[in-house]
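Everything below concerns the one structure shown next.
The values are calculated or read from the model by the stated rules, or taken from the named source; none is laboratory data. Nothing here was measured: the structure is a model prediction, and the numbers come from that model. FYI the Cβ positions are ideal-geometry reconstructions off the backbone, even for glycines, and counts take in every protein chain you see.
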Amino acid sequence: MIGSASAQVGLAYAFVEREIALSKRYWAWELVWLVYGVVTSLSVAYIGLAAPAITGGDSDPAAVSRFVLYLLVGTITWRFLGLIFEQMGETIAWERWEGTIESTFMAPVPRLTHLLGMCAATLVRALGFSVAILAAVALFVPVDLSHANVASALVLLATGAVAFIGLAIGSSVFPLLWTEKGLQMAYIVQAVVLLVSGVYYPTTVLPGWMQALSVISPATYVIQGMRDALLDGADFARIWPNLWPALVVGAVSIPVGLRLFLWAERYAKRTGRLKRSG
Amino acid sequence: MAIQVRERKRTEKKTAALSASQVRKAFRPARVVPGGGTTVRAVDDVSLSVWRGEIYGLLGANGSGKSTLIRLFSTLLTPDAGEVRIFGLDIDRDELAVKRLINRVSVEASFFKKLSAMENLVYAGRLYGVSPDDSRPKIVSILHRLGIEDARMTEPLEKLSRGMQQKVAIARAFLSTPMLLLLDEPTTGLDIRSKREVQTFVRDLRDEHDATILLTTHDLDEAARLADRIGILHRGRLVAEGTPEELAARHGGGTLEDVFMTLTGRRLDDADATDAERST
């Protein structure tokens with residue numbers, strides 16, 4: 001049993017090792033994406049700093065600082081969750097582009113192990129990027145984390161990662177079945193989640209039907225909980241109302257996403273979609 | 001090209017490494033307009049057995065269904081009808097166990113092209129449960145036998161020639177020491193020297209490692225040179241099967257090319273050209 005588990009960990013690690021090797025070879029592109037992440041996060045932070053000038057409203061430094069942190073928590077948490085979401089679909093799309101998807105799918109690796117390995121690789125990358133972006137942004141914009149409850153924030157991030165893994169597995173079905181435009185379909189799903197999850201604003205400003213969608217997005221709870229933890233120092237008891245819905249979404253989305261992927265794999269094998277032509 | 005009569009090592013009792021029974025596979029075209037397009041029957045009622053330790057050559061023109069058949073045997077496609085067994089295991093019900101016994105080389109060498117041969121092969125080894133400590137010396141040994149020098153092993157694969165990439169693909173398949181190796185036109189596009197090196201390696205693989213090999217080709221010389229038995233595939237159907245000598249005896253003698261022409265009504269080169277024109 002233990003031997004079998006360690007064998008599965010070994011198999012899953014193959015995907016982590018592969019991603020690390022690819023990141024080394026594509027280091028210049030990684031740098032480009034890091035700069036892109038820093039620039040977009042900084043742009044959001046400067047919108048916060050400029051809010052009094054734009055609106056002609058309150059220029060109290062404490063209020064402005066809180067608003068900047070409000071926006072930064074949203075953008076960086078979204079960057080972390082978004083990377084998890086994107087990376088799964090992009091890896092499938094990449095394998096289709098390189099033509100390696102057939103080798104990967106005919107290897108004696110249980111699909112669950114394969115996907116867990118991809119998720120682990122994705123988490124490593126998302127965590128590295130998010131920490132680097134936060135550190136870079138802090139060099140330009142004063143970030144007041146004096147009230148932050150870091151432990152609560154980490155618990156929320158871990159929960160959000162789990163919840164997003166299910167969504168990411170489900171969405172990677174698009175590039176699996178549609179080589180040319182599948183990834184763009186996954187991006188549309190991601191954009192809808194961004195719109196309804198209160199990344200830059202409270203969900204209460206949304207129309208009623210969008211608020212209904214925000215209820216099923218795990219990002220809604222994770223981002224709200226992260227704000228409570230990092231702006232107001234909320235402890236575990238206070239983040240629980242945002243934690244349990246994210247856990248429920250994760251508990252539902254992972255098996256559903258996995259089932260969807262397995263169905264898509266069977267469909268692809270029935271219709272010959274694992275190969276583009278011939 | 002005369003058919004060579006060769007002595008083959010024959011086992012006392014034949015064990016089926018692969019048995020396919022009445023396998024069918026058709027593809028429907030994308031529905032651009034309602035009811036548009038015709039269903040293509042890629043594999044039509046094919047039954048064949050490949051015995052353990054045998055090199056079985058599947059000969060056919062472009063579009064005859066060779067690659068589809070290899071994909072069906074590789075678990076990458078599911079048949080519409082029929083049954084496929086690998087060493088007695090059902091390819092659908094025992095998929096994971098079957099995957100441990102097989103490997104495949106496709107006509108296109110597909111890799112992470114920015115990674116080196118060594119990185120790609122270490123990754124491939126891990127997928128088959130071979131640790132890097134065990135795989136690295138094995139990789140070096142296999143690549144040496146295939147004529148790839150040490151310095152080329154750590155270069156990104158995109159910098160290697162098509163022939164070298166195909167050799168790395170063969171090394172990847174061999175790394176997992178498969179019981180059944182499926183080679184889908186492994187020498188297509190290679191120069192004469194590389195072709196010979198690969199053919200020698202394939203035969204050594206069978207002789208030294210008790211591997212069973214199913215090889216598809218549209219190269220008559222290669223089929224005659226390597227295969228113990230040959231199956232001729234024409235428009236998705238297996239129209240003849242036997243040793244080169246048996247095929248010649250059954251179908252009017254002469255060369256393998258004469259046999260192909262008798263069975264399909266076309267020369268293999270003409271069939272390829274016609275199919276190429278049809279697909280453009």
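Give the number of residues within the stretch A:16-58 that are aromatic (Phe, Trp, Tyr), more than 14 Å from chain B (Cβ to nearest Cβ) and surrounded by 13 or more Cβ atoms within 10 Å (Cβ to Cβ).
Taking the stretch A:16-58 first, the residues aromatic (Phe, Trp, Tyr) are A:26-27, A:29, A:33, A:36, A:46.
Then drop every residue that is not more than 14 Å from chain B (Cβ to nearest Cβ), which leaves A:33, A:36, A:46.
Imposing the further condition that a residue be surrounded by 13 or more Cβ atoms within 10 Å (Cβ to Cβ) reduces the set to A:33, A:46.
So the count comes out to 2.
When you check B:Leu69 against the structure, is it aliphatic (A, V, I, L, M), more than 19 Å from A:Glu17 (Cβ to Cβ) and within 14 Å of chain A (Cβ to nearest Cβ), yes or no? Spell out how you get there, then give the answer.
On the way: aliphatic (A, V, I, L, M): yes; more than 19 Å from A:Glu17 (Cβ to Cβ): yes; within 14 Å of chain A (Cβ to nearest Cβ): yes.
So B:Leu69 fits the description; yes.
Pairs only if they're at least six apart or on different chains, beta carbon under 9 angstrom, first in the stretch A:91-108 and farther than 14 Å from B:Phe112 by Cβ and touching a residue at least 12 places away in the same chain (Cβ under 8 Å), second among the basic types (Lys, Arg) and assigned to a helix (DSSP H, G or I); list them, first residue then second.
A:Phe105/A:Arg111; A:Phe105/A:Lys269
Given A:Ala219, A:Ala191, which one is within 22 Å of A:Ser43 (Cα to Cα) and without any contact (Cβ under 8 Å) to a residue 24 or more places away in the chain? Steps first, please.
Values: A:Ala219 fails: without any contact (Cβ under 8 Å) to a residue 24 or more places away in the chain.
Going through A:Ala219, A:Ala191 in turn, just one is within 22 Å of A:Ser43 (Cα to Cα) and without any contact (Cβ under 8 Å) to a residue 24 or more places away in the chain: A:Ala191.
Given the criteria small (Gly, Ala, Ser), at pLDDT 90 or above, out of contact with any Ser or Thr (no Cβ under 9 Å at 6 or more places or on another chain) and surrounded by fewer than 21 Cβ atoms within 10 Å (Cβ to Cβ), does A:Ala136 qualify? If you could, list the steps in order and put the result at the bottom.
Numbers: small (Gly, Ala, Ser): yes; at pLDDT 90 or above: yes; out of contact with any Ser or Thr (no Cβ under 9 Å at 6 or more places or on another chain): no; surrounded by fewer than 21 Cβ atoms within 10 Å (Cβ to Cβ): yes.
The answer is no for A:Ala136.
List the residue pairs whose Cβ atoms are under 6 Å apart, where the first residue sits in the stretch B:183-199 and is within 15 Å of B:Gly57 (Cα to Cα), the second is outside any helix (DSSP H, G or I) and among the small types (Gly, Ala, Ser), and the two are 6 or more positions apart or on different chains.
So the pair list comes out as B:Asp184/B:Ser106.
Looking at the stretch B:143-161 only, could you name the residues that are outside any helix (DSSP H, G or I), away from every other protein chain (no Cβ under 14 Å) and exposed (fewer than 15 other Cβ atoms within 10 Å of the Cβ)? Please lay out each step first, then the result.
Taking the stretch B:143-161 and keeping what is outside any helix (DSSP H, G or I), we get B:146-149, B:154-156, B:160-161.
From the residues that got through so far, the ones that are away from every other protein chain (no Cβ under 14 Å) too are B:146-149, B:160-161.
Across the stretch B:143-161, the qualifying residues are B:Glu149, B:Ser161.
Yes/no per residue for (1) away from chain A (no Cβ under 12 Å); (2) surrounded by fewer than 22 Cβ atoms within 10 Å (Cβ to Cβ); (3) not in a loop (DSSP other than H, G, I, E, B):
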position: B:Val98; (1), (2), (3): no, no, yes
position: B:Asn103; (1), (2), (3): no, no, yes
position: B:Ala109; (1), (2), (3): no, no, no
position: B:Glu119; (1), (2), (3): no, no, yes
position: B:Arg126; (1), (2), (3): no, no, yes
position: B:Pro137; (1), (2), (3): yes, yes, yes
position: B:Ser141; (1), (2), (3): yes, yes, yes
position: B:Gly163; (1), (2), (3): yes, yes, yes
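Scan the stretch A:170-187 and give yes if some residue there is within 14 Å of chain B (Cβ to nearest Cβ) and among the aliphatic types (A, V, I, L, M), otherwise no.
Step one: of the stretch A:170-187, the residues within 14 Å of chain B (Cβ to nearest Cβ) are A:176-181.
When the remaining residues are screened for being among the aliphatic types (A, V, I, L, M), the result is A:176-177.
Yes, the conditions are met somewhere in the stretch A:170-187.
How many residues does the stretch B:16-48 hold that are at pLDDT below 90 and of a type in the set (Ser, Thr, Tyr)?
Looking only at that region, the number is 2.
What is the one condition in (1) within 13 Å of chain A (Cβ to nearest Cβ); (2) closer than 29 Å to B:Arg267 by Cβ that B:Pro132 does not satisfy?
(2)
Can you tell me which of (1) more than 13 Å from the chain's Cα centre (by Cα); (2) modelled with pLDDT under 90 is the one A:Glu95 doesn't meet?
Failed condition: (2).
Does A:Gly10 satisfy the criteria of being assigned to a helix (DSSP H, G or I) and within 14 Å of another protein chain (Cβ to nearest Cβ)?
Values: assigned to a helix (DSSP H, G or I): yes; within 14 Å of another protein chain (Cβ to nearest Cβ): yes.
Against the criterion (assigned to a helix (DSSP H, G or I) and within 14 Å of another protein chain (Cβ to nearest Cβ)), A:Gly10 qualifies.
In the stretch B:183-191, is there at least one residue being within 14 Å of the chain's Cα centre (by Cα), in a loop (DSSP other than H, G, I, E, B), farther than 22 Å from A:Phe105 by Cβ and polar (S, T, N, Q)?
First, pick out the residues of the stretch B:183-191 that are within 14 Å of the chain's Cα centre (by Cα): B:183-188.
From what is left, the residues that are in a loop (DSSP other than H, G, I, E, B) are B:185-188.
Cutting the leftovers down to farther than 22 Å from A:Phe105 by Cβ gives us B:187-188.
Imposing the further condition that a residue be polar (S, T, N, Q) reduces the set to B:187-188.
Yes, the stretch B:183-191 contains at least one residue that is within 14 Å of the chain's Cα centre (by Cα), in a loop (DSSP other than H, G, I, E, B), farther than 22 Å from A:Phe105 by Cβ and polar (S, T, N, Q).
Within the stretch A:171-182, does at least one residue satisfy the condition of being surrounded by fewer than 19 Cβ atoms within 10 Å (Cβ to Cβ), free of Cβ contacts under 8 Å to residues at least 24 places away in the same chain and assigned to a helix (DSSP H, G or I)?
No, the stretch A:171-182 contains no residue that is surrounded by fewer than 19 Cβ atoms within 10 Å (Cβ to Cβ), free of Cβ contacts under 8 Å to residues at least 24 places away in the same chain and assigned to a helix (DSSP H, G or I).
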